Amino acid sequence: MPTPEPADERAWLAAYDPRAFPPIAVTADVVALTLRAGALHVLLVERGAPPYRGRLALPGGFLRAGQEDPAAAAARELAEETGLAELPRVHLQQLGSYGAPDRDPRMHVLSVAHLAFAPDLPDPQAGTDAAAAAWHPVDTLDPGTLAFDHARILADALDRARAELENTPLATAFLPADFTVPELRAVYEAVWGEPLHPGNFHRKVLSVPGFLEPTGATTERGGTRGGPRARRYRPGPATRLHPPLLRPAPGPARTTPPTAPTGLPSTP
């Protein structure tokens, strides 16, 4: 049981006036990323009320005072916009806090932003305060269309996501419970925005201890042209990748996979 508060503490709290300080509100905003048709998408809503009525924004909302913390509010907002009572296999982590005094024209609002990695989720359903909700391809999105400071939050989230794929096994959060190495490579290519050498990637990911575990199953056939069956894997017990998978240096746009390593060294 908690230690009872001293009498002087109880008296002080009873007389405390929270209006002695200027008010500040707290929201939870979510950068939800998923892959659709092989491309990285972010969940955005169309604001149905001022401020920024009609503008695109990240899903989010005010914390329910006395009822939830920022993580619970972020999970609630994401569930409301996806129309799912539960969010199976969605990885949700805190991204950072954004509290510039002028970021919201209504009042000083502190946003605790969160980053979500998810497998392909259903088409979203707009919540009570949004006019519409949809998945938007990241590579064609105009940041200038976003309300508040959400362009900055999205940019920070993409940087975090790319780094997480270097150092953690969270790329598997975009995939079903079991998958092939080419499907995993497609996640890295979509998030990093660079094609990767198939052979080097295959050798590298299988050499990282605890990253992947074979399920014992295979695909029915290897790709659209047939060929050998591809082995299926599931996430292993590792929480960090050692050695990490390093991103290739950005290069000119390519339409076909490179024929030489692009940052994923071959296993000796």
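The values are calculated or read from the model by the stated rules, or taken from the named source; none is laboratory data. None of these values were measured; they are calculated from a predicted model. Don't worry about glycine lacking a Cβ; one is built from the backbone with ideal geometry, like all the others, and counts go over all protein chains shown.
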(message) I need the full set of residues from segment 163-205 which are in contact (Cβ under 8 Å) with a residue 60 or more places away in the chain and of a type in the set (A, V, I, L, M, F, W, C), in order please.
(response) L165, L170, A173, F174, A177, A186, V187, A190, V191, L196, F201
(message) Of the conditions (1) in a loop (DSSP other than H, G, I, E, B); (2) closer than 22 Å to A37 by Cα; (3) of a type outside the set (K, R); (4) more than 23 Å from the chain's Cα centre (by Cα), P209 satisfies every one except a single condition; which number is it?
(response) (2)
(message) Condition (residue is on the phi < 0 side of the Ramachandran plot, small (G, A, S) and in contact with a His (Cβ under 9 Å, 6 or more places away or on another chain)) applied to segment 141-151: is it met by at least one residue?
(response) no
(request) Tell me the strands (runs of 3 or more DSSP E) entirely within segment 1-102 that contain at least 3 residues that are under 27 Å from W192 (Cα atoms). (result) 25-36, 39-47, 91-98
(message) Among the residues that make up segment 25-41, is at least one of them among the basic types (K, R) and either modelled with pLDDT of 95 or more or more than 20 Å from the chain's Cα centre (by Cα) (or both)?
(response) no
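Do you know which residues across segment 100-123 are exposed (fewer than 13 other Cβ atoms within 10 Å of the Cβ) and in contact (Cβ under 8 Å) with a residue 24 or more places away in the chain?
P105, R106, M107, P122
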(request) Would you confirm whether any residue within segment 240-256 is at pLDDT 75 or above, touching a Lys or Arg at 6+ places or on another chain (Cβ under 6 Å) and loosely packed, with under 15 Cβ neighbours inside 10 Å? (result) no
(message) Just checking, does segment 65-78 include any residue being crowded, with 20+ Cβ neighbours inside 10 Å and under 13 Å from the mean Cα position of the chain (by Cα)?
(response) yes
(request) Quick one: count up the residues across segment 139-169 that are surrounded by fewer than 20 Cβ atoms within 10 Å (Cβ to Cβ) and assigned to a helix (DSSP H, G or I). (result) 17
(request) Tell me which of these A230 doesn't satisfy, since it passes every other one: (1) in contact (Cβ under 8 Å) with a residue 12 or more places away in the chain; (2) within 30 Å of R103 (Cα to Cα); (3) not acidic (D, E). (result) (2)
(message) So T215 passes all but one of these: (1) β-branched (V, I, T); (2) at pLDDT 95 or above; (3) assigned to a loop (DSSP other than H, G, I, E, B). Which condition number does it fail?
(response) (3)
(request) Kindly check whether there is at least one residue in segment 186-196 that is out of contact with any Gly (no Cβ under 6 Å at 6 or more places or on another chain), closer than 14 Å to R234 by Cβ, part of a helix (DSSP H, G or I) and at pLDDT 95 or above. (result) no
(request) Consider P228 carefully, then state whether it is more than 30 Å from A49 (Cα to Cα) and in a loop (DSSP other than H, G, I, E, B). (result) yes
